[in-house]
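Asker: To start, I am sharing the structure in question, which I have written as structure tokens.
A short reminder: the numbers here are calculations on the coordinates, not readings from a lab. For clarity, every value in this text was computed on a predicted model and none was experimentally measured. Here the Cβ positions follow ideal geometry from the backbone for every residue, glycine too, while neighbour counts run over all protein chains shown.
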Amino acid sequence: MTVAMEFYTSAMTSSSVDLLISNEKNVSCSSSKLGFGSFGLGFQSKGLVFHRRNLVRCEAGEETNRSVGSSFSSSSISILEQLKASGADRYTREKTSLVVIGLSVHTAPVEMREKLSIPEAQWFQAIEDLCNLNHIEEAAVLSTCNRMEIYFVALSWHRGIREVTDWMAKISGISVSELRNHLFLLRDNDATHHLFEVSAGLDSLVLGEGQILSQVKQVIRIGQANGGLGKNIDRLFKDAITAGKRVRSETNISSGAVSVSSAAVELALTKLPATHRSSARMLVVGAGKMGKLVIKHLVAKGCNKIIVMNRSLSRVSSIQDEFNNAEIIYKPFSEMLSCAAEADVIFTSTASETALFLKEHVEALPPPNPETGGSRIFIDISVPRNVSSCVSDVQTAQVFNVDDLKEVVAANKEDRLRKAMEAQTIINEELIRFQNWRDSLQTVPTIKKLRAYADRIKNAELFKCLDKIGDEALTKKTRKAVEEMSNAIINKLLHGPLQHLRCDGDIETIENMSALNRMFDLDTENEILKEKIKAKVEKVKKN
């Protein structure tokens, strides 16, 4: 697989006049480096290496800036006016690039991902904040336990990247220079291909996992509930959902352990003695989607007694009804430590932004059951984490987070790669369909302007002709015949050029469009840019 990777240099800092981006560079990488969840990412472009860092952070007493919204007011209109006055060539060549910038389980440790995590309830507020940046036209946020990705369309994509990166630094409290070591950046077809892989589960920690498709769908649902997304981003995510559905229905990629929750259960069971796996005392903290899936997989593995802790009884009651063949016991959060004292394995999957289990809590627990290995096992699948990294310093505790699930995912590598190759064929088909749609958008303004240009000439010459004939000789029938003839000439002359613009998007169609713009001096790209900047200025003024 070849992926055009682009990344920024040290000129990316907010003090620089312009953000410098390296030219597109094809970087060869094996399938084990992108899109297959169990493997690390090792791209290198212009000396910049994308890699994971083993960072350790103790959350005890630590606070991070997690607010989204109020601090991001619109910048001055003068920047946009400068862009408008700066001429065509530099900016109109960019057209409407789709860009994704973000980080994932492949490029950044959980310590960094949790700082950038945005709760689902704040996704649309984040989209509004991003679209209020000077150069951002459209945006969408996809924030899960394994990734935080921002998709956007910008007036000036290199300036847009700088604005989005600065925004990420502000909401997370992470410096731009540190973010740079972990972010990935993709444009246009590569950005589209990436989202299609994400939706299909090819970029997940567990290949083919189903939850990511529902999270991609949620981006559309949230956008529609709040007035909609921009047309490019909206179509991008809808086509990604189509690609994800096709991959799951036309391949068997979802067979086996295909979710973070199932991998978490498998990891926990591998850490227990085989003779005590079904009898181990299980505690699940949090009864949301992930917690429910953990319970489902525990029951499937023969664990028939599970303590479930949640803020309210209602969710646990529905789980009890669904899995009535197992003993599922509800406990309130006020009994968390007493329940943990009796548990052999503790799964955590809550939306809490602060750690539930700190080092001092675990140190105060009674010694674990020697029959289950002499250690109390914490499986933390939350981002932000529910179990402080300092808990791993306790001798009688084993702590695992979402990054550690790679241990489970590494099994059956060959089979997953074969399924992923089947999925790529489907993704490429959907990618071509989306590219054709985007290319067709580019030609519409040229078609309109060429038609208007021809009509202006026709009308001017028609007026001269009718004036020469004079009112005395000009009958109603003559006028109609002359008008029909002039329209027919224009239509026949334009038929060929317009047909070449209406072809399914390919490089020849785009070249034809550029040629017609030059030949007839249509200046379409400048006009489009001016309209976009005008709309952006009006929006900034309103805010």
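Asker: Using a simple charge model, +1 on the beta-carbon of Lys and Arg, -1 on the beta-carbon of Asp and Glu, nothing else, what dipole does the range 260-409 show about its Cα centre, in debye to the nearest 20?
Answerer: Its charge dipole is roughly 340 debye.
Asker: Right, here's the next one. Of 245/449; 170/238; 245/289, which pairs sit farther than 28 Å apart, going by alpha carbon to alpha carbon?
Answerer: 245/449; 170/238
Asker: Still on this structure, please answer the following. Can you give me the pair-distance distribution of the range 230-283, C-alpha pairs, 10 Å bins, whole percents?
Answerer: The calculated distribution, bin by bin, is 19, 28, 22, 19, 10, 2.
Asker: Please get the size of the charge dipole for the range 107-254, origin at its Cα centre, with Cβ charges of +1 on Lys and Arg and -1 on Asp and Glu, quoted in debye to the nearest 20.
Answerer: Here the range 107-254 has a charge dipole of around 200 debye.
Asker: 5 Å is the cut-off here: which amide hydrogens, built 1.01 Å from N in the peptide plane, fall below it relative to residue 97, excluding neighbours closer than 5 in sequence?
Answerer: For residue 97, whose amide H was placed from the backbone, the distant partners under 5 Å are 154.
Asker: Sticking with this one: Can you tell me the Rg and Dmax of the range 340-434, counting just the alpha carbons, in angstroms?
Answerer: Expressed in Å, the Cα Rg and Dmax of the range 340-434 come to 19.2, 60.
Asker: Quick one: 3J(HN,Hα) in Hz for the range 448-463, Karplus 6.51/-1.76/1.60 with θ = phi - 60°, rounded, Gly and Pro as x.
Answerer: Result, rounded to whole Hz: 5, 6, 5, 4, 5, 4, 5, 5, 4, 5, 4, 5, 5, 5, 5, 4.
Asker: What's the ranking of 213-223, 232-242, 273-283, 289-299 by average number of surrounding C-beta atoms within 10 Å, highest first?
Answerer: Put in order of decreasing packing, that is 289-299, 232-242, 213-223, 273-283.
Asker: Would the range 260-409 count as rounded, prolate or oblate if I go by the C-alpha gyration tensor, calling it rounded below 1.5 in a/c and otherwise prolate when a/b exceeds b/c, oblate otherwise?
Answerer: It is rounded, given that a/c, with a ≥ b ≥ c, falls under 1.5.
Asker: When the convex hull of the C-alpha atoms of the range 151-263 is computed, what volume per residue in Å³ does it have?
Answerer: Hull volume over Cα atoms, normalised by residue count, gives 133 Å³.
Asker: Starting at the first residue of the range 356-365, write each ³J(HN,Hα) from the Karplus equation 6.51 cos²θ - 1.76 cosθ + 1.60 with θ = phi - 60°, in whole Hz, x for Gly and Pro.
Answerer: 8, 10, 9, 4, 5, 5, 6, 5, 7, 6
Asker: Please list, in chain and number order, the residues 5+ apart from residue 204 or on another chain whose amide H is under 5 Å from its amide H, with Hs placed from the backbone.
Answerer: 37
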